[in-house]
């Protein structure tokens, strides 16, 4: 047996322990979102007994979760009373327009898939495959509702950083519930939209649009944009969290077909997880890319360089990338206007990111 060197004796598994223990805080947040813990506290500080009574839960069982949430910073304590942090009060109180608590369904799905990463790599087959074309209607409806808060949040981010008031017609590709198109139409009264997705998804999205009372502003179109260009000509296209769920060859075709549906001078916004060309950043995207192995057959976060290659092939110019919080990016480009020389300046609707 080799005798341990002094340096080996000083080495500790700090990184390993940190990663292992960090999981529990995230799971505490997930449980609180599932139980809707933050909503009763939207009315003001409460004791553990008060919160449990409001939720119909047992105080003894709930209390450890409340203390765990204090350590995460999502809750604060004053004596025996718990209170929401400013962040949780803004985003996790049901009924507020800023509410994103419904994301717990997406978190549950993706985190469960991540636990099957090793088996997905070992077998070469995604072990938690998302096949939207094969999902039962009710399963698909629930899944789309779980994704809706993320779609709305993406629309709000686009509205903060880009001026969509200059557009009259928008196409939302792989629209899911249509949440992004609906939110942008609410914020920009002059905008009308077309939400495009696979036939079974589009059928459900029509119901969501009707529920929102936006049937006069949003048309839902069934189309597989990998196979063909959608019908119509539009000022602007948004592809949110779409290219990353399909293989590179399919993503290339989707970009080309999207370009065919835009007028000359029209803009495209690709919103989602984009890797730096080194494949080492952003850190959140590098880590999350592992999840795609279990969820999609060939889907992954693609590099910025690959996006630029697809866009240039599809006739786009003025390509820029802006990085957002959480490892997300927006890649913006403009379809070459008729008679436009390469390199000539075109005003951008971008307001600037913070």
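Sum -39500 (n - 2.57) across every DSSP H segment of at least 4 residues in the chain, then divide by the residue count to get the 222 nm mean residue ellipticity, nearest 500. Numbers along the way, then the final one.
Values: 13 runs with 156 residues, N = 354.
It lands at -13500 deg cm²/dmol.
At 4 °C and 1.567 mPa s, grab the translational diffusion coefficient of region 106-169 from Stokes-Einstein with a Kirkwood Rh over Cα pairs, rounded to a whole number in µm² per second. Intermediate results must be reported in sequence, preceding the final value.
Values: Rh = 14.6 Å.
Estimated diffusion coefficient is 89 µm²/s.
Sort the following peptides by mean Cβ neighbour count (other Cβ atoms within 10 Å, averaged over residues), highest first: 308-321, 172-185. Don't skip to the answer; put the middle values down first.
On the way: 308-321: 17.6, 172-185: 27.1.
Order by mean packing, descending: 172-185, 308-321.
For region 39-197, just say rounded, prolate or oblate: build the C-alpha gyration tensor, square-root its eigenvalues into a ≥ b ≥ c, call rounded for a/c under 1.5, and beyond that prolate if a/b exceeds b/c, oblate if not.
oblate
Please order 245, 255 by the number of other Cβ within 10 Å, starting at the fewest. Don't jump to the answer; show the numbers that get you there.
Values: 245 19, 255 27.
Sorted ascending by nearby Cβ count, the order is 245, 255.
With a Cα-only, solvent-free Debye model of region 6-99, what are the log10 I(q)/I(0) values at q = 0.12 Å⁻¹?
-0.43
Can you say what percent of the DSSP beta bridges in the chain, counting only those with both residues inside, are antiparallel? Round to 5.
Details: 20 of 42 bridges.
Percent antiparallel among DSSP bridges in the chain is about 50.
State the extension gain, in nm to one decimal, for the chain segment bounded by residue 297 and residue 338, taking 0.36 nm per residue of separation less the distance between their alpha-carbons.
Details: separation 41, 0.36 × 41 = 14.76 nm, distance 3.80 nm.
Fully extending the segment from residue 297 to residue 338 adds 11.0 nm.
Sorted from largest to smallest, which semi-axis lengths in Å does the alpha carbon gyration tensor of the chain give for its equivalent ellipsoid, taking the root of 5 times each eigenvalue? Walk me through the numbers before you get to the answer.
On the way: eigenvalues 283, 153, 81 Å².
Those come to 38, 28, 20 Å.
Label-point separation (nm) for residue 98 and residue 134, each offset 7 Å from Cα along Cα-to-Cβ?
Modelled inter-label distance: 4.2 nm.
Find how much the distance from residue 27 to residue 277 grows on full extension, using 0.36 nm per residue of separation minus their present alpha carbon separation; answer in nm with one decimal.
Numbers: separation 250, 0.36 × 250 = 90.00 nm, distance 3.18 nm.
That pair, residue 27 and residue 277, stretches by 86.8 nm at full extension.
Within 10 Å of each residue's Cβ, count the other Cβ atoms and sort 258, 15 from fewest upward. Each step should come with its number before you reach the end.
Working: 258 29, 15 8.
With the sparsest Cβ surroundings first, the list reads 15, 258.
Under Stokes-Einstein, with the Kirkwood radius over Cα pairs standing in for Rh, what whole-number D in µm²/s applies to region 122-254 at 25 °C and 0.890 mPa s?
Working: Rh = 15.3 Å.
For these conditions, the coefficient is 161 µm²/s.
FYI, it's all coordinate maths here, none of it is from the lab. Owing to the predicted nature of the structure, the values given are computational and were not obtained by experimental measurement. Here the Cβ is made from the backbone with ideal geometry for all residues, glycine too, and neighbour counts use every protein chain on show.
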